[in-house]
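Scroll down for the structure; my scribbles are underneath it.
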Amino acid sequence: MSQCPFIDRRIPASEINIPVTFKCGDGSEYVFFDHTAPWGDVTRVQFCQRIGRKRDVFECLNESEWRACYAYDPDLKATP
């Protein structure tokens with residue numbers, strides 16, 4: 001599967017951002033986070049280099065969705 005090039009992989013694991021590994025059908029892995037808000041709610045999120053925290057974690061995994069995302073720009077270079 002193709003992942004969005006703007007996924008921010010620099011987010012460190014922490015008490016408020018616990019990494020979750022999703023195994024794709026092709027054997028590859030996709031990492032998103034269980035994020036704990038200050039008031040205690042836990043949501044699954046992904047981090048984008050362009051717009052910050054995103055709640056639709058699989059949008060960044062499905063190529064048809066991330067290419068349609070308003071923050072995606074094929075002319076920009078992502079930070080490795």
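The values are calculated or read from the model by the stated rules, or taken from the named source; none is laboratory data. Note that the coordinates shown come from a computational prediction; the quantities given were computed from them, not determined experimentally. When we count neighbours, we look across all protein chains shown, and the Cβ atoms used for this are built from the backbone with ideal geometry, even at glycine.
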Selection within the range 57-72 - under 18 Å from Phe33 (Cβ atoms) and either part of a helix (DSSP H, G or I) or among the basic types (Lys, Arg) (or both): Val57, Phe58, Glu59, Cys60, Trp66
message: Just to verify a result, which residue in the range 17-43, among those that are closer than 24 Å to Ala78 by Cα, β-branched (Val, Ile, Thr) and surrounded by 11 or more Cβ atoms within 10 Å (Cβ to Cβ), is farthest from the chain's Cα centre (by Cα)?
response: Ile18
- request: Within the range 1-51, track down each residue that is touching a residue at least 40 places away in the same chain (Cβ under 8 Å) and small (Gly, Ala, Ser).
  value: Ser2
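Residues are listed down the side, and each one gets a yes or a no for (1) modelled with pLDDT of 95 or more; (2) touching a helix residue (DSSP H, G or I) at 6+ places or on another chain (Cβ under 6 Å); (3) assigned to a strand (DSSP E or B); (4) closer than 16 Å to Ser2 by Cα:
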{"residue": "Gly27", "(1), (2), (3), (4)": "no, no, no, yes"}
{"residue": "Asp34", "(1), (2), (3), (4)": "yes, no, yes, no"}
{"residue": "Gly40", "(1), (2), (3), (4)": "no, no, no, no"}
{"residue": "Pro74", "(1), (2), (3), (4)": "no, no, no, yes"}
field: Residue that is modelled with the highest pLDDT [pool: residues in the range 1-16 that are within 12 Å of the chain's Cα centre (by Cα) and either surrounded by fewer than 13 Cβ atoms within 10 Å (Cβ to Cβ) or part of a strand (DSSP E or B) (or both)]
entry: Ile7
